[in-house]
Structure formats: C-alpha cells, structure tokens
Amino acid sequence: MPFFAGNDTIKELRTALSDPAVQADKNRYRQVLRRVVSLMTDGADMSPLFPDIIKASATPDLVQKKLTYLYICNYAATQQDLALLAVNTLQKDCLEPNPMVRGLALRTMCSLRIPSLVEYIQMPLKRGLQDSSAYVRRNAVNGCAKMLHIAPELIQDASMIDQLYGMIRDKDPIVVVNCLQALEEILQAEGGVVVNKNIAHYLLNRVQDFSEWGQCQVLHFLLKYKPAEEEETFDIMNIVDVCLKHSNSGVIMAALKYFLFLTEDMPQIQEQVYNRAKSPLLNIITSGGPELSYVALCHIQYILTTSPGLFNKDFKKFFCRYNDPLYVKTKKLHVLTEMATDGTESDIVEELSMYCTDVSTDLATASIQAIGKIARRLPTSASHCVGTLLKIHGLQQEHITSAVLMALKDLVLLYPDIIPKVTPLLPNCVDLVQEGPAKATLVWLLGQYGHTLPNGPYILEDMIENVASEISIQVKLELLTATAKMFFSRPAECQDMLGRLLEYCIDEDTNMAVRDRALMYYRLLHTDVQQARRVILGAANRPVQIQDSDAPGQEIIDLQDLNTLVPIYGRRSWDVMVEEQRRKEQQTKLTNGTSNETDMGAEGGEEDDLEETISLLSPSNLTPQEFETKWEELDCVTTVHLDYDPTHSPNGLLQKLEGAHIFTMASSPEDAAPWKAFLFAVAEMKDQTHLVLVELCVDRTAATMQATCKFDADQMEAAVPLISQFGRILRGTITSP
Amino acid sequence: MIHSLFMINSAGDIFMEKHWKSVISRSVCDYFFEEQQKANSPEDVNPVISTPHHYLIHIYRENIYFVAVCTTEVPPLFVIEFLHRVVDTFTDYFGDGGETAIKDNYVIVYELLEEMLDNGFPLATESNILKELIKPPNILRTVVNTVTGSSNLADTLPTGQLSNVPWRRAGVKYTNNEAYFDVIEEIDAIIDKQGSTVFADIQGVIDCCVKLSGMPDLTLSFMNPRILDDVSFHPCVRFKRWESERVLSFVPPDGNFRLISYHVGSQNMVAIPVYVKPNISFREGGGRFDVTVGPKQTMGKLVESVVITCAMPKVVLNMNLTPTQGTYTFDPVAKVLTWDVGKINPQKLPNLRGNISLQSGSPPPESNPAISVQFKIQQMAVSGLKVNRLDMYGESSPKKSFSFEKYKPFKGVKYLTKAGNFQVRT
C-alpha cells in the first residue's frame, strides 16, 4: 500500500544518516539505508533525502553502494539538478580498481536516463567497452542500448557501431550476446544487426558456451543468415542438434524454429526435424508447469496444421488431468479434436465424453462441442459421435443438453440420416433448455424436423403461450419461422397458433426485427400461400455453411511465427489484434495532437459510410435580428478547431466559404485582433432544411481559429450526421488552397 | 524483451515491482485483474494476456502471480522459463519463494533481479554465479561464514564468470571430497475404474551434489542407458560423447545441480507400483465410499508416504469414514478428502470406508470424483535404470597442473520412485 511517510520519519532517517556513530558502524548504517529503500518500494516519497544518500554513496562498502545506487536510479528523474552531484561519485567509481564497482557504477549511470548528463557518461562508457573485466564490458554494452533513447547521436556513431561489431568476438559469451542485442536495437532502422557467414559460423562454433538465454537469442539472430550450400546446412544442424535436447523449453523452441528455417526447402528433412522435436515438445506438456504446457500446446496446435499426423501415436498424452487449469484443458480439447483420425477417434471420443460430466460447465460444453467437431471432420466417425452425444444427452442437465443440441444442429445438416434419431429427443429438452442460443437451436430443430413428431405443434404452442415472457429476440425469430414451417406441413393444427403468434409479434412486440419478420410472414401468407411456402421453406434447402472459427486449413502457417506469440492467438486473431493496436496508437496520437473538445474532423472520418449526405442551399434571407435571436435560441452546439494559415487574408477566407454556400452575416475589420465573423448556411438533409449558424474566431498570433457552430435540429438522430457532415465541409473549405 | 515485473498476491495487491527499462504504470495490471475476475480459481488465469500496448505473461507459483510486462513480440516460452527461474532463485535463496520471504528480503530480491536481467535481457541466472555476486540472507550466511571464515561482502568479481567453464568457479577446495547422485523418478499416470492404465510415463531426473576440489572431470555410465528415451542435459554434459558412447561426461558445477532430466516413454511398459480399488456410489441424500490401496509391482520394496486425496463433488456435505490405518481429514469448504495412509503392509491392505452425506434436496452428482495418489518407494528406480560406475579425473591445484592427481572422493547413488501426477478415475 502506498503511503506518505511523515516529515518525522524523514527527519529521523536524515539524523540517522548523518550521525557519526551510525556512520562508523557499517551494519547499523546499512540498516538505515535498508529502511529508506524499503519505504521507497512501498511508495513513500523519500526524495528529500537525496543529498544525504549521495553522500552515502561515496563508500567502499559494496552493499551500501548497491543500496544507494538503487535509490539514485529511482529518484534521479525527479531530482535532475541533484543528480549531477551523484554523477561525480559515479564517475569516480568507474575508475575503481574493483571491477564489480566499476560495472555497477556504469550500469547506474546509464540507467539515470537524464539527457543533460550525457556528456559525463560518454567517457566512462567508452572506457567501459574496453575494460579488462567482462563484467564491466557487459554493463557497458547494455549501457549503449540504454543510452540509445536519450542520446542517439552518441550511439549511432560509426566508430561506436564498429567497436560493437568488433566486440562480437569478445571472449565472454554474455558480452557477445549483449552486443548482438544492442546492435539489433541501435541499427533497427537499417534492419538490425547484420549476420554474415563469418559471424554465423563463429556464433555456431561457440553455441555451447552461451548460457541458455544466450542460446535462445543467438538462435534467433542466426535466422538472419541462410547457408548457401546443403553441406553447410547439415554441418550447422549437427552443431545445433544439442539445443533440441536442452532442459530449457525456450532453447528447444528456438532450435526447432532454426531447424525448420534451415530445412525450409527440404520437405523430407523437415519431416525428420519434426520427428526429432516431437519428444521434447511432448515433454514440455507432460512435465512442464501449466503455463509452459499451455504455450507448448498452442505451438503443437499450430504445427499440426502443417503436419497433421505427427502426434497421432501420442494422443494419450493430451488427455486432461483433473488438476490441469481450465485454459490447459480447453487447449488440450482443441488439440485432441484436431488430431483425431479414424484409428484414434473412438478412444478420443470416449475420453472426451468423460469430461462432459466435469464440474466446470465451460469444460463440459467445450468437450461436447469438440465431439461435434470431430463428427463433422471425420464422416466415418459420425455415427459413433452421434451415439455418444445422445448418450450424454441422457444426463438431463441444462448446460449439457444445450451443448448437445447445438452440436447436433450442425450435424443434422451434414448427415441427414441421423435425423430420425435426433427428433424423438426434442420434446424432453423443452423444459430443460432455457438459455437464449440453445433454446433458439431447439426451436429451429423443432421447426425443421418437428412435423414428424405427433405432438410437434403442441410443443410450439406451449412456447407461443409464453412468448410474452421470452426475452431473447433470437428465440422469438426462430419461433416465428418454426411455426410458419410447421404450418405448411400441418396446417390444420397450426393455423390458429400461427395467427396468435403473428398477432402478438406485430401488435405487442417492441423489437423491430421480430415485428418486421412477423409482418413479412403475414403479408406473404396474406397475398399468396404457395409463394409464402416457397419463400419460407426455401431457406432449408440452401446449402448450409458451418462457421468453424478454428478449423484447420483456415490458418495460414508461417514458419516465422513459431516461438512468438502468434500461435497462442492464431494468425488471424493476431493480425486483427495488431491492427487494432496500431489504430489505437494512431488515435491517441491524434487526440493528443488536437484539442480535447469535440473534434469533428476525426469523427467525420469514421462516419464515412453514413448514408445521409447534406447539401448546402443557396442563400435565403436572414436579417441580423433573426440571426441574433436564433443564436440565443439554439442549443445544439459544437466547436471546431482549425489551424489558421497567416498567408491568407480573412476576407479571402470568407470568399471561399461563400463559394461553398456559407454566407457572411457580419465580420470585424480586416486587421482586428482577434478577428471575428458570423456566418450562416442552410443545410438540406433527407428533404429537410436546417439552419446552421457559425461564429468564426481567428487568433493570428497562435495561428489557430475556432468555429462555434449552432444547428437548428430538434432531433438527435438528425443532429449527429448533420454536425459531422457540416464540420467536414467547413474544414474542407477552409483548408483548401 | 522483459520490461517490468510485478508481483501480485492472491488478495490482488501489487506488493513488488521492478522496471528494467522506463517505468510502466501499475495500471497495466488492470488488464490482468480483469482476466483474474473471469477465472474460477486462481490457477485458471490465462498465462498470456494482451493489452493495447503490452503483453502480460505470468506464472502462478507460491500463491503469487509473477507478471512480466513485454512490449515487442517475444518468445513466450523464454519468458515463462525465465520467470520460473526467478522464483527458483528466490526459493534457493530464502528457503521458500512465498510473499513473506520476498517481503522480508526485498533488498536482496532487488539485487537479484538487477543482476538477473539488464535492459530486458537475462544476464546471470546460474545459482553458483549469483551466489558469488549476492550473498544469501543472514541465517544461512552466518552458518557459511563460521564454516568458511569469509566475510559477508562479495567485493571480488565472481571468478566463475572468467573461468573457461562458465558454470564452475575456479579454485574450489574441499577437505572432504564427495559426489552424491540422486536418481529420482516420478510416475505420471491415469488409471481407469477397472484398474487398467489409460496413460503412463516416467519422468526422471538425476540431481547431484558434487563437492570436489579443482576442476574434476567426471564420467557416469549406466548399466542400461538405452531405456532413456528422451534426455535433456545440463549444459556441462558433453553431448557428443552421449550420442556416441552413451556415457555422461562432464565437468560439474560446484554444489547442487540437476545433471539430466529424462523421460521413459510409453513404448516401454511402465510398471505401476500401487493399485487403488475404489468403490464410490451416490444415491439420493447420501452415498457409500470404500477405497482400498495395495502394492502391485514393487520389486519387493516398501511403499511409503502414501497419501490419497479426492476432490469430492460440491454437493457433498460431509463424510463419515473409518480407516483401517492412518488418518483422514475432510475439508468441508474445499470438499477435499485427504487420507494419510503411511506405509502399505501387503498382508493387511489399508482400507477407508464409510458414508457420504449430501446437501439435502440436491440431486446426487453425475460423475464420481478422481482420486490422486502420492507415494514413495526408496531404493528403486521404476524404469529399471541403474548407474554402473563413476570415474573421476581431477586436478587438485593449479600449481600441480602438469600432474593429474587422482583423489578418492566419497561417492554415492540413491534411487527414489514417487508418484508424479498419479490419478485414478472412479
């Protein structure tokens, strides 16, 4: 919990810090510093102690140094002037004989992120790059990457880049990796660090020296170099092979990606690669934590789309454990669904049916959907799947029955021969299924196949009785269609109830869609019953497209996506997400760039697809008095902010506006400051005319202008398009050359 | 890569944060809390969450969410592995990685995080090296200090970082040279109601405690290396020699480390050492519970520390049972039954039976609960893996580097089989 330390605490700490008795005792002094840092992490403002802490940083005690550096990094940004004092000590520390101190000081200095201090940091940083200690060099290289954002000219210097390239040959492996990483960031504009044959071979030869994290990164950089000859490729694969056996799953995945990249043009070998990577991947799933297992499952799902049969033998490893978290279970279901083949289908469906009784309704629903999906994918398995679904249906639980109905709905269209098995179940479901979408499915099934049931119409009749209490629009729509369909097969029993339903929907229902459909049916039936039959029943014969968002084959597989976040979301959703992010970023830029008030231009851009367009009519007569009273009356107001181009005279502006049928009522003299003008226009929209009054105010010194527009529109529906359209015209006219 | 790390406890307090690049506001965690709201239990929060500007990748351990904030496209496995490593390091330093331990040692936590990651990329994560950079906290340290007589300060540069072998520091010296190897195997299995195996495999590891002077070069060979299907190695193991000769040849890190982890796949039949005979039935208002455990294929070894847990359906109100041995508890809130059986005596099989009472008025549950079993068997590796011999060549001091002096360390191998994720469906 953040809290504010009282002045007393600060005073007390300050006294303690300057107490010679405390200063003499290393341990007591550390205790005080520790308290300062602990209060700081709790969110208390410890910045008043800054000068005292800087004094404390000049100490040979390493622990004390670390604590003060931690403090300085935290507050340097807010205490820029005092930070200069800290630099002095830090610079001295950079010359200490102890490499640990040098490294720490360098790291702290680069983490200050204060542009005005760059000149002090430059020298120590350059020295650090040539330091004899690897620890210092690591920090110096990282420092370069950190400084990039505050002093790009210092870092993007040719000699600096050359030096960093040279340091790729450093004997310390961590320096090498840091160097690559720093170069990648520095040279981002040119496409990152260049990995040529020499560097690639050098890195490959040292691949065993790198730490596991280093290996991940190096394997990533190696993707930049594609070996020219096949022999070279095989040599490389022999070297990297060991990475596939690593205990760190990050390395395994990076190595797999690299292998697939190398064998891109050799399909047979690629298959071997998959086979080799298979057991490490499975290992992550069975023995890694749930988070690792989840990510690995996502990748397996992704890989399955290119080599579907890869994990066929190991399908049992994807069975859920009861203590798996829900997200892992759901992912396993997806993978199992996609793996099912004719041989394994019965085992998998058997397993899936076990999950249907799971405590988590989400999992139960998902497993039923999965069975449905398998049935759709493998026609041979359909009868077994349907059998299982019907068995599950017998459990008589709302969420299970609902899910089973939804799954069956898709199947009856694909496999018409199961219809006789499905229809007898429907009457039992009526009392059980209450939720909107499931109920709509039930009604649809009743409408489509219910005519074979002896009491089919009466089930619908019960629903029609209670239609007034039905909330779901979807159910009402389906009920209309179902009753109409039923009417064509069993007219005598249905005519009355259809009449009642139509009457209710037309007279009493508040929803437009329901009313429209009811009216359409009513008119159709009223004009020509045969035509109505053709229209209403015709829908059933149309080939049905089943929406299957995550069906395989729809995903576009790209090797580049492995070992990134893409497989977790799927390529498509990822693209959508990235696009969304970009849009949001642009939007924030836009709103930051203009004022906070209503920005009509930006809004107008989004409403391009609005059908209403307005046109401005030729002048009507308006007296200044009328203008004044109207101006007082109207309360539909918006303000547009625009840039004013000082090269244009205000009168020229008024002429331009007149050209666009926006007329001047009155204006101040040419050289008045601020210059003002009152304008009016008559806008026509959907056969209605609206008066628009504008007050234009130009601030020459700031080169901006502000237009306050008032609209004569009494309804909100009319006002919104009117405001945006008029704003666009105004903006367009004024900014036009 | 990793910009910031937030630690969030189960109450939803962000109790620690660390930023490696510029400071990212805590408000980014709101997206995490939103996801957390949706989840039914704390473990169910999706590990990867996207927000408008960042990606949040987290792990849930020790009742804490460790949330990493990443901005660019990152390799997710890399981040998750790193987070696990962070928590492992905390556990290593403080004895446990829980919230209290972190709060008590936040200064060390900051120091560690600072050394483990810089500018968003991992630096040093080897516990050997970290411990030289940052000393573990007091109690442990005082013990170490009294033994070694060294000071608390790590004011010299960790030598290990400069030695040719990155995982081992130079100049190690012990009076008692010893090397212990623990072969630990865990059985993951799902057993169905009839007692047949749905799925089983063995995850094994060899954990070592090696305290040897100088730069020892060890060779460990097995009687039957072929049964190891799928092995991942500590970076110290020479992979080429394993590929060609099937022996483990390595210069070990100093202290405790995991040499290899392996996997014995479903191709080999896995011997299931225990069986569970469940008989659980529900009817209106109540039910019967009757479970017996017994040894199966144990190669004559004793099955110990047997614990049976069973997550009962939500409608179960209470259970009234009698065990023939051990003690049982039923947590009426979490609805978890735990039966601490102890050792299994093959002559007199442990049994737990009695009545279940359900909430009045609610229908009996549809499905029976799954039972999870824990057990331990000493001196047996269920896969049959056997260490053949351990050879060592060591260089006792750099001065005598021209003469390879062979010294006699204490050597030892221990085997242990235990249940990993061992589940019985009922």
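So the values come out like this:
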item	result
Residues that are away from chain A (no Cβ under 14 Å), on the phi < 0 side of the Ramachandran plot and open to solvent by 20 Å² or more (accessible area, probe 1.4 Å), drawn from the stretch B:353-384	B:353, B:355, B:357, B:359, B:360, B:376, B:378, B:383
Positions within the stretch A:229-239 being open to solvent by 10 Å² or more (accessible area, probe 1.4 Å) and either within 21 Å of residue B:232 (Cα to Cα) or outside any loop (DSSP other than H, G, I, E, B) (or both), in sequence order	A:230, A:231, A:232, A:234, A:235, A:237, A:238, A:239
Some residue of the stretch B:98-116 being modelled with pLDDT under 75 and of a type in the set (Val, Ile, Thr)	no
When residues of the stretch A:183-228 are limited to those that are surrounded by fewer than 19 Cβ atoms within 10 Å (Cβ to Cβ), without any contact (Cβ under 8 Å) to a residue 24 or more places away in the chain and in a helix (DSSP H, G or I), the one farthest from the other protein chains (Cβ to nearest Cβ)	A:198
Test result for residue B:78, of a type in the set (Phe, Trp, Tyr), within 10 Å of another protein chain (Cβ to nearest Cβ), under 21 Å from residue A:299 (Cβ atoms) and open to solvent by less than 30 Å² (accessible area, probe 1.4 Å)	yes
Condition met for residue A:242 (surrounded by 18 or more Cβ atoms within 10 Å (Cβ to Cβ), out of contact with any Lys or Arg (no Cβ under 7 Å at 6 or more places or on another chain) and in contact (Cβ under 8 Å) with a residue 40 or more places away in the chain)	no
Residue satisfying all of: in the stretch B:293-310; open to solvent by less than 40 Å² (accessible area, probe 1.4 Å) and either free of Cβ contacts under 8 Å to residues at least 60 places away in the same chain or assigned to a loop (DSSP other than H, G, I, E, B) (or both); nearest to residue B:377 (Cα to Cα) among these	B:298
Members of the stretch A:26-47 found to be more than 14 Å from every other protein chain (Cβ to nearest Cβ) and open to solvent by 60 Å² or more (accessible area, probe 1.4 Å), listed by number	A:28, A:45
Residue B:372 being assigned by the TED database to the domain that holds residue B:315 and modelled with pLDDT of 85 or more	yes
Condition met for residue A:439 (in contact with a helix residue (DSSP H, G or I) (Cβ under 9 Å, 6 or more places away or on another chain), surrounded by fewer than 21 Cβ atoms within 10 Å (Cβ to Cβ) and among the charged types (D, E, K, R))	no
Subset of the stretch B:269-294 that is among the β-branched types (Val, Ile, Thr) and within 13 Å of residue B:370 (Cα to Cα) - its residue that is farthest from the chain's Cα centre (by Cα)	B:280
All strands (runs of 3 or more DSSP E) inside the stretch B:221-283 with 3 or more residues being within 12 Å of another protein chain (Cβ to nearest Cβ)	B:230-233, B:255-264
Condition met for residue B:85 (over 27 Å from residue A:36 (Cβ atoms) and either touching a residue at least 40 places away in the same chain (Cβ under 8 Å) or more than 10 Å from chain A (Cβ to nearest Cβ) (or both))	yes
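The values are calculated or read from the model by the stated rules, or taken from the named source; none is laboratory data. Source: prediction; values computed, not measured. Backbone-built Cβ (ideal geometry, glycine too); neighbour counts: all protein chains shown. Each accessible area value is taken on the protein alone, full model and side chains, heavy atoms only, with ligands, DNA and RNA left out. Shrake-Rupley method; radii C 1.70, N 1.55, O 1.52, S 1.80 Å.
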